[in-house]
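S.K.: Got a structure for you, written out below as structure tokens; questions coming shortly.
FYI, it's all coordinate maths here, none of it is from the lab. Everything quoted here is computed from the prediction, not taken from an experiment. Every residue, glycine as well, gets a Cβ built from its backbone with ideal geometry; the counts of neighbours run over all protein chains shown.
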Amino acid sequence: MKLRLRKCPKCGRYTLKEKCPVCGTETVSAHPPRFSPEDKWGEYRRRAKLELGLV
Ligand SMILES: [Zn+2]
């Protein structure tokens, strides 16, 4: 499952859109640094899913 997570630098909201649905700020990639372990990614995804209401 490929999820291109993005994050609003202003309000910190996770989204899949290029612009924050809340404040309209351009979002940035939420991909963690390369050295992060896989479980870190898992947490990112879990949090994002929660915030996106996908769970
Ligand atoms: Zn925002």
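S.K.: What does the charge count around SER29 come to, taking other residues whose C-beta lies under 10 Å from its C-beta (Lys +1, Arg +1, Asp -1, Glu -1)? Working shown, then result.
M.R.: Values: positive: ARG4, ARG6, LYS7; negative: none.
Its environment carries a net charge of +3.
S.K.: Taking H placed 1.01 Å from N in the peptide plane, check which residues at least 5 places from THR15 or on another chain put their amide H under 5 Å from its amide H.
M.R.: The list, which skips near neighbours in sequence, is ARG6, LYS7, CYS8.
S.K.: Hey, another quick one. Give me the number: length gained by fully extending HIS31 to LYS17, i.e. 0.36 nm times residue separation minus the C-alpha to C-alpha distance, one decimal in nm. Don't jump to the answer; show the numbers that get you there.
M.R.: Numbers: separation 14, 0.36 × 14 = 5.04 nm, distance 1.42 nm.
Answer, rounded to one decimal: 3.6 nm.
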